[in-house]
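Since the structure comes first, as structure tokens, the remarks are kept for the end.
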Amino acid sequence: MPVDEIRITTTVARVLRQFLEHPSEPCYGFNLMRSTGLASGTLYVILARLQRAGWLASEQEAIDPVATGRPARRLYRLTPDGAQAAHLELAELSDQLRPPRFRPLLRLQDGKS
Amino acid sequence: MIAAKYLLGLVVAVLIAAVGELVSDEIRARLDRIPLALLAAASRRIAPEFRTELYDEAWLPELQHILQGDEAMPITRLIHGTRYAVRLWLSAPHISRVCTGTARQSLLSRAFTPSIGLVLYAGPLPIVVFAACFAVENGSWIYGLVAVLLAGEGYVAVRGARWLLMHYLGYRPNAASWCPCRWATLSRAIVLPSTLTATCAAVLLNLVNQNNLLIEASLFWLYLAGSVGYFYLLWSGYSYRVIYMVKSLQRRDMSDTASPA
């Protein structure tokens with residue numbers, strides 16, 4: 001299923017990169033908060049946007065809440081199309097943000113004089 | 001005697017320690033509820049159809065994990081849990097808008113969109129004002145002003161009804177679609193406070209003249225019928241939100257059923 005386009009900001013890119021680090025492993029919301037350094041309010045907006053666009057899929061953790069003594073957490077993982085789109089978008093963003101070849105200012109001034 | 005004093009001191013010390021521990025437990029239990037209460041408040045800021053998915057299945061289990069995690073010390077877990085809940089409380093409307101696919105309204109639009117408070121206020125308003133107009137023996141310029149302001153309110157109500165019609169026709173709101181409502185919004189910003197002031201003035205004038213507001217109004221029933229229509233228009237303006245919510249749910253159901261195919 002093709003995914004919708006999404007505006008890739010640097011914060012969205014940080015989240016996507018985290019998913020692409022281990023594409024097969026699902027991520028928890030709190031772990032994503034820690035690894036990306038984003039606040040819960042920012043992260044869940046991005047997750048909702050990615051889910052709505054079809055880049056992410058979510059499911060409940062397969063545990064018995066009574067046995068473990070805690071409710072099942074929500075897991076997020078990239079969809080195959082989402083992973084492909086994320087790769088392309090991050091590569092494009094990386095190209096855009098790559099700095100030009102470094103030229104020391106001092107040498108330029110020397111050359112002018 | 002001295003032994004008795006020591007014994008008494010020992011008993012008091014034990015009692016103080018026991019009470020201190022009870023108080024400490026009580027405070028700890030109450031402090032632990034702060035993030036949960038904040039998160040519950042955040043859940044009330046999201047669209048009802050997404051509360052289970054967001055609050056029950058995603059946010060609450062994560063908060064429980066923060067509060068019960070292995071490294072959760074009492075103060076650390078309180079700070080982390082509270083920060084988690086507060087940030088979600090702040091962003092809940094935004095998350096809700098992303099989920100429902102609705103656009104953000106401007107502050108002015110949100111402030112002056114027909115609400116329950118407005119409907120309750122503006123619904124009986126024509127009855128009071130027109131009754132006041134016919135109750136006094138000598139007319140006053142203030143009633144003319146009220147009539148003009150009421151016409152402004154009527155205009156806003158008609159715009160609200162137009163919104164309802166647009167939604168019946170499947171018109172989807174976005175940032176641009178608020179523009180036609182701009183005049184209604186601006187007029188409401190002027191009309192509402194002015195109408196309230198003028199109504200109070202009219203009622204006060206009526207009281208000073210010692211006239212009965214409703215009983216002496218000869219055309220009361222006619223204006224009552226007009227007021228019902230007026231109330232309906234205002235209510236229509238308000239109900240576009242409900243209509244839109246239903247429509248967004250229908251769209252969601254349709255996309256859910258279409259996706260497996």
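Hey, among the residues in the range A:25-41 that are in contact with a strand residue (DSSP E or B) (Cβ under 9 Å, 6 or more places away or on another chain) and more than 12 Å from chain B (Cβ to nearest Cβ), which one's nearest to B:His94 (Cα to Cα)?
This residue is A:Ser35.
Mind checking whether some residue in the range B:74-90 is more than 30 Å from A:Tyr28 (Cβ to Cβ) and touching a Ser or Thr at 6+ places or on another chain (Cβ under 6 Å)?
Taking every residue of the range B:74-90 in turn, none turns out to be more than 30 Å from A:Tyr28 (Cβ to Cβ) and touching a Ser or Thr at 6+ places or on another chain (Cβ under 6 Å).
Where residues in the range B:20-36 are within 24 Å of B:Leu60 (Cβ to Cβ) and among the charged types (D, E, K, R), which of them is surrounded by the most Cβ atoms within 10 Å (Cβ to Cβ)?
Once the filter is applied, the top-ranked residue is B:Asp32.
B:Val11 is checked against (1) more than 26 Å from the chain's Cα centre (by Cα); (2) facing chain A (nearest Cβ under 9 Å); (3) at pLDDT 85 or above and fails just one. What number does that condition carry?
(2) is the only condition that B:Val11 fails.
Do we find that B:Glu49 is part of a helix (DSSP H, G or I), under 20 Å from A:Gln51 (Cα atoms) and at pLDDT 90 or above in this structure?
No, not satisfied.
Here are some conditions: (1) of a type outside the set (Gly, Ala, Ser); (2) more than 11 Å from chain A (Cβ to nearest Cβ); (3) touching a residue at least 60 places away in the same chain (Cβ under 8 Å). B:Thr100 meets all but one. Which one does it not meet?
(2)
Out of the residues in the range B:37-68 that are within 13 Å of chain A (Cβ to nearest Cβ) and surrounded by fewer than 15 Cβ atoms within 10 Å (Cβ to Cβ), which is farthest from B:Ala92 (Cα to Cα)?
B:Gln68
Go through the residues of the range A:70-82 one by one and say whether even a single one is within 24 Å of the chain's Cα centre (by Cα), at pLDDT 85 or above and at positive phi.
Checking the range A:70-82: not a single residue is within 24 Å of the chain's Cα centre (by Cα), at pLDDT 85 or above and at positive phi.
Can you tell me which residue in the range A:16-66 is farthest from B:Leu38 (Cα to Cα), limited to those that are β-branched (Val, Ile, Thr) and in contact (Cβ under 8 Å) with a residue 12 or more places away in the chain?
In this case the residue turns out to be A:Thr36.
I'd like the full set of residues that are surrounded by 15 or more Cβ atoms within 10 Å (Cβ to Cβ), more than 9 Å from every other protein chain (Cβ to nearest Cβ) and within 17 Å of B:Thr52 (Cα to Cα), limited to the range A:54-75.
If the condition is that a residue be surrounded by 15 or more Cβ atoms within 10 Å (Cβ to Cβ), more than 9 Å from every other protein chain (Cβ to nearest Cβ) and within 17 Å of B:Thr52 (Cα to Cα), then A:Ala57, A:Leu75 are the ones that fit.
The values are calculated or read from the model by the stated rules, or taken from the named source; none is laboratory data. Owing to the predicted nature of the structure, the values given are computational and were not obtained by experimental measurement. All Cβ positions, even for glycine, are placed from backbone atoms using ideal geometry, and neighbour counts span all protein chains on display.
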